Amino acid sequence: MTMRMGRRGVLGGLATALAGSAAAQEAWPARPVRIIVPFPAGGTTDLLARLYAQRLTETLGQSVVIENRGGGGGSIGADVVAKAAPDGYTLLFHNLTFCTTTAALEFAGRAPHRIEQDFAPVSMGANVPMMLLVNPSVPARDLREFVAVAKERGNLFYGSTGPGSTINLVGEVLKRDAGIRMDHIPFRGAAPLVQDLLAGRVQFGGDQLSSSLANIRAGVLRPVATLAAQRASALPEVPTAREQGYPSIELLGWNGFFAPAGTPAPILTRLQQEIAAAARHPDVARRIADLGAEPGGNSAEEFGAAVRAQLAQVRPLVAELRMQVE
């Protein structure tokens, strides 16, 4: 009798725990959700994250807040999410530099995380073309002319969002393929990079179209190429890098959501559905289009496949160029 009652007690306790776990899962979100943006405020990734956060706050019924954790080419903020509890309350909103920075850290033997093992892709937030830009003091209208100027002058500086970042990789590939010399100046994010590009302290750099479009239209920055496979609809006159003879620097300009690995599947599904619905909302879609980008909202499987394909593209380049992350 005592043993039977003991078993009943254990089974009853287990059932209660399982029921409580299910109830807690069904209740998500029961408190505010934070989105880590691994760059300073003001860049495209930050702008897009805040756009989604505003809409998700309305649809989830809980505050969705942005936390900027810049530095390390985005790796510092990403690692916060990699080590966060997998409960749906800490998300990462990163961009294509996630692949290049992580690949560079892997090559150096200092990667604090691996994208495939430590993160669960949720959905692409937006596809934003990456633009290569020059200060107007550089007499170049396209990438071919810039290469000619660089060969003639030989004392140019290019800026990136940090060692191992996308523009760091692009700059080094361009130096290799074009046979030019440039010195690399790393910054903690796109916003400080653009400030120095505007001031002429660096002559060449890159930024996502969304945050550089106003400066381009004002004539204070000049685009010489887009890294996308096709010309940007907002700037159809700007040729792609591939069109100008540099296919090795063609990259998909994604910005997207990740959760820590191990986040329960129902929460990931709910997140993807909410993000997709936000991307389709007329106000959000219009704002994304105004930024020169395309709304996302694809499935976790599609987004994950795009990220893995980009990792497969950049890892060999990082190893060939022996890119170092300080």
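The values are calculated or read from the model by the stated rules, or taken from the named source; none is laboratory data. Everything quoted here is computed from the prediction, not taken from an experiment. For neighbour counting, all protein chains shown are included, and Cβ atoms are generated from backbone atoms with ideal geometry for every residue, glycine included. Each accessible area value is taken on the protein alone, full model and side chains, heavy atoms only, with ligands, DNA and RNA left out. Shrake-Rupley method; radii C 1.70, N 1.55, O 1.52, S 1.80 Å.
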message: Quick check on the chain: helices-only [θ] at 222 nm, where DSSP H runs of length 4 and up contribute -39,500 (n - 2.57) each and the sum goes over total residues. Nearest 500, please.
response: -15000 deg cm²/dmol
task: Kindly rank 162-168, 43-49, 189-195 from highest to lowest mean number of other beta carbons found within 10 Å of each residue.
output: 162-168, 43-49, 189-195
- prompt: If one computes P(r) from the Cα atoms of segment 195-246, what percent of pairs lie at distances over 14 Å?
  reply: 52 percent
- request: Please say if segment 266-319 is rounded, prolate or oblate, where rounded means a/c under 1.5 for a ≥ b ≥ c the square roots of the C-alpha gyration tensor eigenvalues, and otherwise the choice is prolate for a/b larger than b/c and oblate otherwise?
  value: oblate
message: Using the crude model of +1 on Lys and Arg Cβ and -1 on Asp and Glu Cβ, and no other charge, please compute the dipole size for the chain relative to its Cα centre, in debye to 20.
response: 500 debye
task: Determine the sum of side-chain charges near Gly304: Lys and Arg each +1, Asp and Glu each -1, restricted to other residues whose C-beta is under 14 angstrom from that of Gly304.
output: -2
query: What's the Cα-based Rg to Rh of the chain, Rh via Kirkwood?
result: 1.07
query: Given Cα pairs under 8 Å that are at least 6 residues apart, what percent is the relative contact order of segment 157-227?
result: 34 percent
statement: Total charge of the residues flanking Gly71 in space, meaning their Cβ is under 11 Å from its Cβ, with Lys and Arg +1 and Asp and Glu -1, is +1
field: Apportionment of accessible area to carbon and sulfur, segment 25-74, percent (1.4 Å)
entry: 46 percent
- line: A convex hull over the alpha carbons of segment 124-256 yields, per residue, a volume in Å³ of 97 Å³
message: Show me the three semi-axes of the equivalent ellipsoid for segment 54-163, from the C-alpha gyration tensor (sqrt of 5 times each eigenvalue), largest first, rounded to whole Å.
response: 35, 19, 11
- prompt: Dipole of segment 103-145 (Lys/Arg Cβ +1, Asp/Glu Cβ -1, origin at the Cα centre): which of Pro121, Val134, Ala108 lies farthest to the positive side?
  reply: Val134
task: Rank by packing, highest mean first: peptides 256-262, 246-252, 113-119, with packing defined as the count of other Cβ atoms within 10 Å averaged across residues.
output: 256-262, 246-252, 113-119
- prompt: Taking the alpha-carbon centroid of each part, what is the distance from segment 92-110 to segment 259-282 in angstrom?
  reply: 23 Å
task: Provide the net charge surrounding Gly125, with neighbours chosen by a C-beta distance below 14 Å and charges set as Lys +1, Arg +1, Asp -1, Glu -1.
output: 0
